[in-house]
1. What is the magnitude of the charge dipole of the range A:358-458 about its Cα centre, with +1 placed on the Cβ of each Lys and Arg, -1 on the Cβ of each Asp and Glu, and no other charges, expressed in debye to the nearest 20?
2. Lys/Arg Cβ at +1, Asp/Glu Cβ at -1, dipole of the range A:358-458 taken about the Cα centre: which of A:427, A:458, A:416 is farthest positive-ward?
3. For the range B:8-127, build the charge dipole from Cβ charges (+1 Lys, Arg; -1 Asp, Glu) around the Cα centre, then report which of B:31, B:88, B:75 sits farthest towards its positive end.
4. In the structure shown, do any of A:34/B:129; A:435/B:33; A:50/A:487; B:150/B:344; A:471/B:62; A:139/B:337 have a Cα-Cα gap over 32 Å, and if so which?
5. Roll a 1.4 Å probe over the protein chains and send me the accessible area per residue for the range B:110-192 in Å².
6. Reachable aspartates and glutamates from residue B:250, Cα under 13 Å, same-chain residues fewer than 8 places away excluded?
7. Are any of the pairs A:220/B:309; A:188/B:15; B:18/B:72; A:442/B:18 more than 26 Å apart by Cα-Cα distance, and if so, which?
8. Per the Kirkwood formula on distinct C-alpha pairs, the Rh of the range B:1-66 is how many angstrom?
Amino acid sequence: MIRLVQIMYFLKNYYFIMLVMIIQIKEIFAERKKYEQLYDDLVKLLGIRKVSNKLIDRIMYSRDYWPIALHWFMRGVVPAIPDIVVWPESTEDVVKVVKYAYEKEIPIVAYGGGSGVLGGAMPEKGGIVIDLKRMRRIKIYPRDLLVEVESGTYGMILENYLNKHGFTLGHIPQSLYTSTVGGWVSTKAIGQFSTKYGGIEDMVAGIEVVVPPGEVVVLKPHPRTSTGPDLRHLFIGSEGIFGIITRVFLRIWRYPEKRVFLSYATDTIEEALERVRTIVQSGVKPAVVRIFDKIETKKWFYWIKQAKNKVATIFVIEGNSKIVDAEAEIVKEAFKGTIFLGEKPVKHWLKYRFVVKEVSEFAPLGFVFDTIEVAINWSNATKLYYEVIKAMRNVEGTLLASAHASHFYPQGVCFYFTFGGIPPKGMTKFGYYAKVWEAAMKTTLKLGGTISHHHGIGRMRAPWLPLELGKMGYEILRKVKHAIDEKRIMNPGNLGV
Amino acid sequence: MCDMGKMSWILEAIKKAKFKMKIEAIIRIIAGKIAKPSDIIKCALCPNMCVFACPVGVVDGKETTSPAGKAKVAFLLEKYIEATPETIEPIYICCACNACQVWCPFEFSVAEILLPIKQRLYEEGIYLKKVKEIVDNLEKYHFVFGEPPKRQDKEGEVLLFRGCVVSQYYSQLEETAMNLLETIGLKIKVISDEKCCGYPAYIFGANSSFKRIAKETARQLNELDVKYIVMLCPTCAYTLRNIYAKYGIKIKHNIYHISEVIKMHLNKINFNETNMEIVIHDPCALARHLGNSDILYELLSKIPGLKIKKPMRSGKETFCCGFGGGLALINYGLAIKIAKERLKELLEEAKTIITACPACKRALESAGGTVYDITEFFHMLIKRTD
Ligand SMILES: Cc1cc2nc3c(=O)[nH]c(=O)nc-3n(C[C@H](O)[C@H](O)[C@H](O)COP(=O)(O)OP(=O)(O)OC[C@H]3O[C@@H](n4cnc5c(N)ncnc54)[C@H](O)[C@@H]3O)c2cc1C
Ligand code: SF4
Ligand code: SF4
């Protein structure tokens, strides 16, 4: 039965993808549909500065950073097209839009930075795109170590603001410069410093969400609360299918007093994994731990002789100086007998970690790239690494497959795979792309891993969600969705529901 | 570290791929190196890695006018969509502040990479009405705002170049600057028929107009017998010093921004002690375009007792006042919103703002701030011996 559901979702999704691929930008412009009524109504509600039905704006909100959609864009094709775009400036504005959409049964898709990589912010069924980026007020509560922040705030602006006042959120995704707080919460994102600070779910203390038919849910920030099922977690990772997140309270930290950088080279990835396992299971929480496989070690540290043909592991340990010193000792002890590479590789990584160039450089040459992050308990971790790499390599067209492990827990680890290739003759880019994804997803499920560690589900991963959650698990998700959003206007189609 | 070293991981990574695939990949990479994807397509495919620093991206909050958004629009205009006032407008919604360049992995300034398309459109007669009006003003009056107000001539050895904003709005600032510079021993000359540097024509892509205006301005300046030229506006200084050079237009005199001249003569200046608290707003053109990211702090720190604050975004990472790149001429509403955003950030530090650009002063004052140009501030606090 589960298989049948899986196959049906798979087909539905790919049928959809094949359909959307035929929207030519030129045709959209030739047709020039303007949705006058919708426009007039929303202008009446929000004012002219907050609404647009211009074709150029609508095209810009036709996709997020789903890598395959970039190839379509280069060909003058978009996967979807909203009827209208709005830029609310307050929760009240969002309420007005949701009320209106509920009344008229118009789909609404929330849009943050558009850095999501799975087609989650793609207005599959048209309707209203609601871009939250004008909502960006920030307020710090220093005594409570909390920050109240509107959902459209760019990550780097929040972090800079906190740093200026002596704090940090500790949430530093590679997309820090281009993603928003609302996007983080919606996708259940995680940052590079997660082994100490956790994922965004560990930071959300309170949340404000606008749900159909246009009501505001406020879940206040508490140190802990035992008040039935934790509704905050209903919205964390919900990718816009229940409501629009307008404001969150996040737990913050005092800016670290001290930082220590350490790095090592080992012969194999299993050796590095094993040593890091002992570290995190001993209760030590380095902020950053990254194990680069041999290919990625070469990519990052080609200039270090001792790292040649090795697996590099880097650490950033930070916080209270006495704790940092003790943690550094434990890390050094765990990596005794390996090659010590010093501070330089860590500094190099810190300097270049936000340099994102590959897609811009290689996609125009016809290379298809993407990254796939999954997680697994320690027992099967090494096996998962080797098998996913093998499965991706076995897809005809694949040129490279590599990984690093970058988020660690006492129970297991997240692997972040990268693949790149050229579709073989007779196969479309999407055909090749989908095959690699399928290989990685199937292998992960087979070995007992989870299909997503932090990018979420969106549209690309939706076909595998029923298998991940099981029949009843998926059914509960659908029922909850339909109970909150009876008219199915909130990002319809996302997560496959 | 050579490019080959950087790329060696790719060779390692594709080692296990089939021979045919490897060859195809290498051919594509070599072909790509030769054909080079355009800057516009690279930027259009970027996930907007500089957007948090872009005043337009942050305050307008629209994908369409964000840095990568503008590049996407430009890409579509090049290949897929018709250029109309509606489709071209987003590429003009830019402060030309170069904040993007600080964070860009390719070191692109979106304002610069958009210039070729703006130039092509202008040449083809496709432009925003407001752009045309400004360029017409420049062609007709050599002044951005139409007919210029009456200005005085004064003889001296060092030319003080006011710039359009000072001429139009801040004649008092010109007096103050002359006074300050004379106090430190310079003999200042001003000319009544000063001509615009042409920057608005440049940044809006009216290339042939810009060249005409620049040549005319250069001719006028080159005829003057002065030791050097002091500019009140850092954008004018950047234009005369850097943009003219790009077009092969020579100015025979050295060009300085007034802050640079003050720095050269700092040892001649004594200040009265003060207990004021101020915050610095570094102008983009001074901090980034001219590369003087620390000069205001350096100058102000010579004033005894002065409490100097820096905002969250300062120096090379400064945030535009909103009036850069002629944005206030194209979309005043957005420009003033950016000014208010910046003012809010500055006011978190201190009530009094010091800057060194007439356009910044105008923007932040229009948003409700108390703003001194460094010239005015120094003039106020300088200890006079007479
Ligand atoms: C270069 C790059 C690096 C990345 N690095 C990381 C990383 O280190 N860690 C990581 O976790 N992810 C990473 N990502 C993925 C992406 O940045 C995250 O998923 C991020 O959380 C998305 O935020 P956004 O604001 O861009 O959201 P969007 O892409 O705009 O939206 C994502 C989803 O959330 C929904 N949504 C957005 N805002 C709201 C809201 N206010 N209310 C309700 N629903 C909303 C959208 O409808 C969509 O389904 C990276 C992406 C890129 C391109
Ligand atoms: S020049 Fe300034 S306003 Fe223009 S895109 Fe770059 S950062 Fe934004
Ligand atoms: S200017 Fe650079 S960082 Fe900014 S969007 Fe373009 S390529 Fe990306």
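1. I would put it at about 340 debye.
2. The residue sitting most towards the positive pole is A:427.
3. Highest projection toward the positive end goes to B:31.
4. Exceeds cut-off: B:150/B:344; A:471/B:62.
5. 47 Å²
6. List returned: B:216, B:223.
7. Values: A:220/B:309 35 Å; A:188/B:15 36 Å; B:18/B:72 35 Å; A:442/B:18 24 Å.
Listed pairs above 26 Å: A:220/B:309; A:188/B:15; B:18/B:72.
8. For the range B:1-66, inverting the mean 1/r across all distinct Cα pairs yields 14.9 Å.
The values are calculated or read from the model by the stated rules, or taken from the named source; none is laboratory data. Being a predicted model, the structure only gives us computed values, none of them experimental. We place every Cβ from the backbone using ideal geometry, glycine too, and count neighbours over all the protein chains shown. For the accessible areas, the whole protein counts, side chains as well, though only heavy atoms, and no ligand, DNA or RNA atoms are used. Shrake-Rupley method; radii C 1.70, N 1.55, O 1.52, S 1.80 Å.
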